[in-house]
1. Failed condition for residue A:358, given (1) within 20 Å of residue A:205 (Cβ to Cβ); (2) surrounded by 20 or more Cβ atoms within 10 Å (Cβ to Cβ), with all others met?
2. Would you point out the residue of segment B:141-167, among those that are crowded, with 16+ Cβ neighbours inside 10 Å and acidic (Asp, Glu), that is nearest to the chain's Cα centre (by Cα)?
3. For the list (1) at pLDDT 90 or above; (2) closer than 30 Å to residue A:15 by Cβ, I need the number of the one condition that residue A:259 fails.
4. Specify which of the listed residues (A:62, A:23, A:29) is over 19 Å from residue A:160 (Cβ atoms) and at the interface with another protein chain (Cβ under 7 Å from one of its Cβ atoms).
5. Scan segment B:116-130 for residues that are more than 12 Å from chain A (Cβ to nearest Cβ) and of a type in the set (A, V, I, L, M, F, W, C) and jot them down.
6. What is the one condition in (1) modelled with pLDDT of 90 or more; (2) farther than 23 Å from residue B:268 by Cα that residue B:418 does not satisfy?
7. Quick one: residue A:38 ticks every box in (1) facing chain B (nearest Cβ under 10 Å); (2) buried (at least 20 other Cβ atoms within 10 Å of the Cβ) bar one, so which box is it?
8. Counting just the residues of segment A:212-225 that are of a type in the set (A, V, I, L, M) and buried (at least 24 other Cβ atoms within 10 Å of the Cβ), which one comes out nearest to residue A:192 (Cα to Cα)?
2 protein chains.
Amino acid sequence: MGLVVQKYGGSSVADAEGIKRVAKRIVDAKKNGHQVVVVVSAMGDTTDELIDLAEQVSPIPAGREFDMLLTAGERISMALLAMAIKNLGHEAQSFTGSQAGVITDSVHNKARIIDVTPGRIRTSVDEGNIAIVAGFQGVSQDKKDITTLGRGGSDTTAVALAAALDADVCEIYTDVDGVFTADPRVVKKARKIDWISFEDMLELASSGSKVLLHRCVEYARRYNIPIHVRSSFSGLQGTWVSNEPIQQGDQKVEQAIISGVAHDTSEAKITVVGVPDKPGEAAVIFRAIANAEINIDMVVQNVSAASTGLTDISFTLPKTEGRKAIDALEKAKTAIGFESLRYDDQIGKISLVGAGMKTNPGVTAGFFEALSDAGVNIELISTSEIRISVVTRADDVNEAVRAVHSAFGLDSDSDEAVVYGGTGR
Amino acid sequence: MGLVVQKYGGSSVADAEGIKRVAKRIVDAKKNGHQVVVVVSAMGDTTDELIDLAEQVSPIPAGREFDMLLTAGERISMALLAMAIKNLGHEAQSFTGSQAGVITDSVHNKARIIDVTPGRIRTSVDEGNIAIVAGFQGVSQDKKDITTLGRGGSDTTAVALAAALDADVCEIYTDVDGVFTADPRVVKKARKIDWISFEDMLELASSGSKVLLHRCVEYARRYNIPIHVRSSFSGLQGTWVSNEPIQQGDQKVEQAIISGVAHDTSEAKITVVGVPDKPGEAAVIFRAIANAEINIDMVVQNVSAASTGLTDISFTLPKTEGRKAIDALEKAKTAIGFESLRYDDQIGKISLVGAGMKTNPGVTAGFFEALSDAGVNIELISTSEIRISVVTRADDVNEAVRAVHSAFGLDSDSDEAVVYGGTGR
């Protein structure tokens, strides 16, 4: 008998029927002999409705009060879920983030978990209860104020609780069957991944895959908590994310050369044109951006034209930060000494992720060939040990993803579908 | 400069507009130089909607989880109210019952306040903030579980906080102008009362007046916290409830002989027929009722018929408890030895309340005469030092209330309207 942490998202508990369905699934886990701790998000559209109310009373809702407001959402879903479980004849107790010991810093609306002290949860499950914990929320260490963790925060709550409780697994229930080799809405032949390493999942998450957020996977890797991403509707086996490949039948699932293709059209590109090509210039530019609290993604500096001694520096960043970045750079224009700024939000990023590319030199070439064959022009390139990313026109992204997915034999019904093991591509 | 506790009910904060209107009123009090602590209920129908959700997932929602659910309502209204105040340029912080130090017993759904430790509230107002506190909720002393105080609990929260903070006044804002000499929906000529003593208010509350609940007034009397009941819409002076009459202009408002007429049609009457007229019989009956956790109101035993040695015992109780009481008595039939039970839920209670009746012997006679003149038949009578109550047919109640109200000169445009001072009635 082990301890399982399960997390259910808002779409799984969107209404009373959903809550009752989830309650049955939780009770099944309990009947199978597990201790069960459940992390739950707010019901369906609750959070959006609360945000709408907030905007009606105040154009810029304040951080502390906004968090107090939003956390009402999980309070509702968790209490209802506990009631639904009790109605099935099992004992359940719900706990707020604060009661569950989720201690955070004081950065309202996007707090980070500092520590988890799950004494009450441990006691509750040891007494035979199913413990239901509010996702997405905590309490600040210094001021004891209610905080929220930002988008995807419930997944992080689940992983952090699993780590603090030394759980056997953290099951993330969602409305898809798992992690896919590409976004199934773009690539019809995308396959569900049975197992993926923390490293590859981290690269996918930071390249545009939405199933798990980077922060949550990072936390799981640090504490070595296996994550099982699966559907709350189908009950099928989903995707395991862990250090070691899982067992399937009497075989271990082997490390894939290529885990998947991710894409992202939420970024824009800024090019700083005509920067003096001398030491320290890049530092001045990115200090200005950092001071504006903007996270950037890819950075590329072109070779300078020898005749002018000037170069161009391009970087990508979330579109939502575009205005702020341009303002910050304009303010620093004298210090940097650039000629002009170019802003382009019609770009897309395609990334190929897989630990196998470390030992398979043909991957990079194959990636560029596939894009070339599809007639897709590459604007920027950036690589890590286990990822290659390119920036293209936004209009080309879907076609590019399909071309790459197919070229690397990831398509589900292709003869090339077996991508596990050393096929040497 | 003093400290004011203001309480706003759900109808005052039913929507974003209501919240903004209330925010303005709060800021006005702050501008007048007061420290302001605000207790707020859930918005309009929120609580009913949450109850509806609970019933969809579980026919009998469990106490602990039900409280967790319901307290989401105040969390929403208090956060929105704090945002609306900040939007007016003033600092505000919202606090849950638990954060505000409202410590209760563990009786879920109708917890009682044991203690209030308002350290965080004191700090918040001393730092210049307007503190917004969730009404209706607290945290249990032993288990640290979230509790609710039951119907009208926000008023009690406000009075308890006012006592703990040694406030100058507790202002209860509602959707009526104050406490009236009778229910204005029944008596068109009912007058707003300028001042009423705690004692008279307690009797009115326990006789069916809905403006303030008994528990809240009892708390205010114990800690001698003046209550000012007033409208959140009109801004007019309302009704003061306190030990000492208030000053109006250069005159003190004097003690009224009769404070008002209350009525109640929420009760039923049970008559235990043919009870042996011997010591200990009543004790057996009411122990059976008490063991079923039913609160009773009036009790009347008729003189026994000498020939049979049997008597009848009647009592009134909330209609909602009728079924439970009948069951409890049937179970105890052998022990009690009665002949039969009669259940009647077509009754009403009319009560005349006023400290003046202690020293004005004509009041009781006048009350009965007024009912007689109106052709209302009396079924039961019960009195306290400052109250006379009768039970009549439910159909007669409105007519009886109007008759008594008029007979005691309480009508607003009557020549007899001056009921302050020793008119000797």
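1. (2)
2. This residue is B:155.
3. Of (1) at pLDDT 90 or above; (2) closer than 30 Å to residue A:15 by Cβ, only one is false for residue A:259: (2).
4. A:62
5. B:116, B:121, B:125
6. (1)
7. Failing condition for residue A:38: (1).
8. Filtering segment A:212-225 for residues of a type in the set (A, V, I, L, M) gives A:212-213, A:217, A:220, A:225.
Those left that are additionally buried (at least 24 other Cβ atoms within 10 Å of the Cβ): A:212, A:217, A:220, A:225.
Details: A:212: 14, A:217: 18, A:220: 21, A:225: 21 Å.
Only one residue fits best here, namely A:212.
The values are calculated or read from the model by the stated rules, or taken from the named source; none is laboratory data. Computed from a predicted structure; not experimentally measured. All Cβ positions, even for glycine, are placed from backbone atoms using ideal geometry, and neighbour counts span all protein chains on display.
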